[in-house]
Structure formats: C-alpha cells, structure tokens
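*Asks:* Pasting a structure here, questions to come.
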Amino acid sequence: MIAKTTEPPYFAVIFTSLRKETEPEEYHFMAEKMLELAHSQPGFLGYESARNEVGITVSYWTDTESIRKWKSHSEHLTAQQNGRKKWYESYKVRVCKVERDYGFEG
C-alpha cells in the first residue's frame, strides 16, 4: 500500500536493514507493535515497507520534532536496543525532507 501523505514539505525516515535469521516471531511481534505505536504518534503520516534480502521501511512525518520524539519514545528505544542485540546484522537510518511528490492512481 502506498502511504497517503500531506502536501510537501514533509519528512521521510528511511530505515534500511539486513536481518539475522534469529527469533522471527519475536521480531514480527515487535515490528507490528512499533507500527501500531507509530500510528498514534503526533506528526506520523504513514509508512511503506518491503523486504527481500534487504528490508526498507520508509515512515513519513510532518516535521523533524515528531521524528525526534518518536526516536526517543521509551518503547521504541527498547525495540532499537533489541534490534542491535538480536535482530539486525546492520542497519542505516536516513532522514530526508520531501520537497516535491507526484504520482498516478489508476
């Protein structure tokens, strides 16, 4: 599903990861919990996610302050710690300002 966002400008957080093959049930439970929690955060606009060998999740936010608050949310901090210890071989986070968007809906 393609996220419905507001008119630009807004912000995108791109989370790219390589996962370990350990504890997939626990990982999926935490991922779903984080998505639920993100939806309740002020400034959250939506997300898109895909996984093959490399996982890419893009979340969209109204402003950088909302992103900072999400990054420091206590439950999200716990998920981040577990990610480094248990679930990820490596990851990269990129924060971008979206200045323009366009698309097509058939």
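Read the figures in this text as sums done on the coordinates, not as results from a lab. Remember, it's a predicted structure, so these values are computed and weren't measured experimentally. A quick note on method: Cβ atoms are made from the backbone with ideal geometry, for glycine too, and the neighbour counts reach across all protein chains shown.
*Asks:* Which of the residues belonging to the range 39-87 are more than 14 Å from the chain's Cα centre (by Cα) and among the aromatic types (F, W, Y)?
*Replies:* W87
*Asks:* Can you tell me which residue among R68, R94, R100 is closer than 23 Å to E7 by Cα, free of Cβ contacts under 8 Å to residues at least 60 places away in the same chain and charged (D, E, K, R)?
*Replies:* When all the criteria are applied, what remains is R68.
*Asks:* With among the acidic types (D, E) and touching a residue at least 12 places away in the same chain (Cβ under 8 Å) as the only criterion, which of E36, E105, E7, E23 stands out?
*Replies:* E23
*Asks:* Give the number of residues within the range 36-86 that are of a type in the set (A, V, I, L, M, F, W, C) and within 25 Å of P8 (Cβ to Cβ).
*Replies:* Final tally of qualifying residues: 9.
*Asks:* While we're here: Does the range 34-74 hold any residues that are of a type outside the set (A, V, I, L, M, F, W, C), touching an Asp or Glu at 6+ places or on another chain (Cβ under 9 Å) and assigned to a strand (DSSP E or B), and which are they?
*Replies:* Residues satisfying the conditions are T57, S59, Y60.
*Asks:* Looking at (1) surrounded by 14 or more Cβ atoms within 10 Å (Cβ to Cβ); (2) touching a Ser or Thr at 6+ places or on another chain (Cβ under 7 Å), which is the one condition that is false for K92?
*Replies:* Every condition holds for K92 apart from (1).
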